[in-house]
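Each remark here refers to the structure printed beneath this line.
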């Protein structure tokens, strides 16, 4: 064929491509929809995090609007600025204000009804107020007066409105260590307030007693007097206090904004990970769609080849169609992404978390990246089908059907089997090896192996579908007679198409079943630990125990109840054991458990003492989990040095004993008698109170008595052992619920893929369906046939996904939980629900294609050529 002939066909080929797209709008609309959903997630997540970043940057900038200089401790790290130094700085004539800042300073505020005012997830902060100076934080008094005396507060106006608080009301305030009543003297506004935020102004001295008992604060915000030179004051402060960090407020705003963007990037990465999953699932659907389109247009392409079209022209025409689909789908995805981001902000606002009105951030990256990614993914998905279209020979114009269905699967299956085997070996190596100490390398091995398994399963899917789909088809189709047999035959006669259609669902359910196994195992482990470890009848804890602790008056009130035999208090104290905390530092403060439990008698907790004594009630010292003692190279009777991060100590005490099973007692305990040599009890946080019922008292009677006694405490919650286990396990469920919700997008795309494939299949089999109608098959029977085909394909994908997901989930769960998740649980109930749901998905996906098939007119279909 001459070059001039090929050149002369370029314009007609473009015209043919455009007309093909215009003539098959419904066929390509489903493919576009898969691109739309994937790119919408990318666009929406980018816009959402960009808008969050812009909103919080505005809060930071506004917070320092009236601040000129910020002073903090050495290198600006943590609470390291002495409050007395701030008071000294206040005496300077070139300053009008120097406000102390302590972060975090969480609190809970009750409304007029005595119940906690909800923030919807926004912060609830205490703020120090010094009546003897101007305020550096742009506070504006709206009504009443500023707080002056102890137990007086001012509340921001939005919190006062939500809590129905008026001037003069007495309300309850809960701090991390206590609960007390205060009088509201005024309401105020601040520019940085967001929708659900609560800000309670406390007199500075009272605030420091609560939130800075060591007299150390994070920083101080300074306001210059009129006429003072900013650079001169900064230089003088740096010379006077060389150990402190002194910065221009604008520099601090820039630094905090940069740190904020870095922190928010995690949210973006998390959302992008699920967008990638959605795009991956969409990729298989797009590729499958173009493969079917190419197969359906075999005669068309062959005729074009016979009249002079070259292979490259055919390939380019299909790629051109893919580019159009990708660009249109990505553009629509960006529009949907805008709606998604706005929906997220609306949800935040509905939940009480408002943002400054900075609008939706539409940056070049939030538009260009989704557009480019969507187009590239679509083109890559269509590349193989386009190459296949270009390889069609002119003689195939005389054939009909999908010739690809008759190609041998041997090479593909062998390669897929080898890749699957290598992937499985890597997963098993990560799960069982003891030669690699660091768990991250074992997890990397499992991650690489899982990727190889997924690729391998995709390759061997067509070969697997022949026996599995055939068996499922016979079982499911048996009650439907001849229609069932036809559906079974149709499902397995094109294994490539069946496997490609099912694989989108396989991938989604693979991840769902893996996460389900991890969640079921974690839940079972938590419930088992609580059941085996806690010997007391009830557990009294604080809500959000990472922030709030049980008030100091609670243990005595519990002990005074007639229904209580004994109450065992467990404290957390900032005490170091041989220079290290028993628990990792939270919020920069190391913690170690302190108690007077007699663990020899199983008091409160069931602990197996392997050596020495566990009687912390009568003996002074420390007991440790055996592995912790080995790490410290300690043996029973050895001396242990106790100290505090503030420099108190060391106090030398003996190692009284060691015990098995870290879950039972955590890393260890310090006796109350030893701990109080360093700190008084009122400087220790009450973490838990374990309560035993008295003789003749039922469990329910004890629970009622405890709940009545604790009703005045806003943060205290009373739970039986079962309720406590359930509350701990529910935290796992909440996390998994988020993951399931995001993975649901992949399942939705998989459903669209089944709809797409069935619709194309109906179009391709138009003559066949018309012949069946001519032979007397009723419309209802045609619909049932399509429904059964869809159910078989969906179940094949679900079974394959569940099997592979359970295998990968087992390896992953065993590796991360070898010390704490002893029994791996298979969530049979969830798997059953998934399979039933997959069958339902199959029926739903077949509704429209089945309706189209049933409307096929026999004579028109038979006459088609």
*Could you give the spread of the C-alpha atoms of the range 468-545 along their three principal axes, from largest to smallest, in whole angstroms?*
65, 26, 19
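Please give the contour-minus-distance gain from residue 183 to residue 618: 0.36 nm per residue of separation, less the Cα-Cα distance, rounded to one decimal in nm. Could the numbers behind the result be given before it?
Values: separation 435, 0.36 × 435 = 156.60 nm, distance 4.42 nm.
Value of the extension gain: 152.2 nm.
What ranking do 538, 787 get, fewest neighbouring Cβ atoms within 10 angstrom at the top?
Values: 538 26, 787 22.
Ordered from fewest to most neighbouring Cβ atoms within 10 Å, 538, 787 come out as 787, 538.
Taking 0.36 nm per intervening residue step and subtracting the Cα-Cα distance, what contour gain separates residue 303 from residue 560 on full extension?
Length gained, residue 303 through residue 560: 83.1 nm.
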*Please check which bits of the range 196-227 a label hung off residue 94 would reach, taking the label as a point 7 Å along Cα-to-C-beta and the cut-off as backbone N under 15 Å.*
222-227
*asked:* If I take R0 = 56 Å and measure r between the Cβ atoms of residue 433 and residue 482 in this structure, what FRET efficiency does the formula 1/(1 + (r/R0)^6) give, to the nearest 0.05?
replied: 0.55
*State, to one decimal in nm, how far the label point of residue 698 lies from the label point of residue 112, with both points 7 Å from Cα in the Cβ direction.*
4.1
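Ranked highest first by the average count of other Cβ atoms within 10 Å around their residues, in what order do 639-652, 456-469 fall? Can you show the working numbers first?
On the way: 639-652: 15.1, 456-469: 20.8.
Answer by packing, highest mean first, reads 456-469, 639-652.
Working out 0.36 nm times the residue gap between residue 251 and residue 707, then minus their Cα-Cα distance, what length gain in nm do you get to one decimal? Don't skip to the end; give the middle numbers.
On the way: separation 456, 0.36 × 456 = 164.16 nm, distance 5.10 nm.
Result: 159.1 nm gained on full extension.
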*Go ahead and collect, in residue order, the members of the range 92-114 whose backbone nitrogen is under 17 Å from a label point 7 Å along the Cα-Cβ direction of residue 151.*
110
*Return the FRET efficiency for the residue pair residue 170, residue 681: r is the Cβ-Cβ distance, R0 is 41 Å, and the value is rounded to the nearest 0.05.*
0.90
*In nm, to one decimal, how far is the modelled label at residue 384 from the one at residue 528, with both set 7 Å along Cα→Cβ?*
4.2
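Just order 551-564, 679-692, 320-333 by mean Cβ neighbour count inside 10 Å, highest at the front, would you?
Working: 551-564: 16.9, 679-692: 19.1, 320-333: 22.5.
Result, highest mean first: 320-333, 679-692, 551-564.
Shape verdict for the range 552-712, please, from the Cα gyration tensor: rounded (a/c under 1.5), prolate (a/b greater than b/c) or oblate.
Values: a/c = 2.29, a/b = 1.56, b/c = 1.47.
Note, shape of the range 552-712 comes out prolate.
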*Take every Cα pair under 8 Å in the range 552-712 that's 6+ residues apart, average their separations, divide by the length, and report that relative contact order as a whole percent.*
32
*Cα-derived Rg over Rh, computed across the range 67-260 with Rh taken as Kirkwood radius*: 0.98
*Compute the distance in nm between two label points, each set 7 Å from the Cα along the Cα-to-Cβ direction, one at residue 633 and one at residue 851.*
7.7
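FYI, it's all coordinate maths here, none of it is from the lab. What you see is a predicted model, and the numbers here were worked out from it, not measured in a lab. Cβ coordinates were reconstructed from backbone atoms using ideal geometry, including for glycine residues, and neighbour counts include every protein chain displayed.
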